[in-house]
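The values are calculated or read from the model by the stated rules, or taken from the named source; none is laboratory data. What you see is a predicted model, and the numbers here were worked out from it, not measured in a lab. Quick reminder, even Gly has a Cβ in these numbers, built from the backbone with ideal geometry, and neighbours come from all protein chains shown. Remember, those area values only see protein heavy atoms, side chains included, never the ligands or the DNA or RNA. Shrake-Rupley method; radii C 1.70, N 1.55, O 1.52, S 1.80 Å.
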Amino acid sequence: MPLQLRLRKAVSTRVYEMTDDPDARQVYFRLLYAALKRRYHVRSYREIKQSQLQDALRFIENWRGGYYE
């Protein structure tokens, strides 16, 4: 499975685990993608390197809703 697809699926799974509220989901998607970009110093999650995939998946799995996590 391509890297970007694995990351997108992990983000979606995490957000849907966190809330059933569609408005909250929209906020969580934005926050989680922003947290990924900040953590990996990239402009898009698509720029995360293959070598960082496992770390990124763990980060997503453990993310609690903060921008700076």
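Assorted remarks:
- Ellipticity estimate at 222 nm from DSSP helix runs (n ≥ 4, -39,500 (n - 2.57)) divided over the chain, nearest 500: -21500 deg cm²/dmol
- Accessible surface of the chain, 1.4 Å probe: 47 percent of it comes from carbon and sulfur atoms.
- Probe 1.4 Å, accessible area per residue of the chain, Å²: 68 Å²
- The Cβ shell under 12 Å around P2 holds other residues with a net charge of +4, Lys and Arg each +1, Asp and Glu each -1.
- Cβ charges +1 (Lys, Arg) and -1 (Asp, Glu), total dipole of the chain, debye: 380 debye
- Table column - 3J(HN,Hα) (Hz), the stretch 9-23, Karplus curve with 6.51, -1.76, 1.60, x for Gly and Pro: 5, 5, 4, 4, 4, 4, 5, 5, 5, 7, 7, 9, 7, x, 5
- Sparse-neighbourhood loop sites, trypsin sites (Lys or Arg not before Pro) in the stretch 39-69 - DSSP loop, at most 13 other Cβ within 10 angstrom: R43, K49, R64
- Our Cα-only numbers for the chain put the radius of gyration and Dmax at 11.2, 34 Å.
- Nearest-0.05 FRET efficiency for A24 and E47, computed from C-beta distance (R0 30 Å): 0.65
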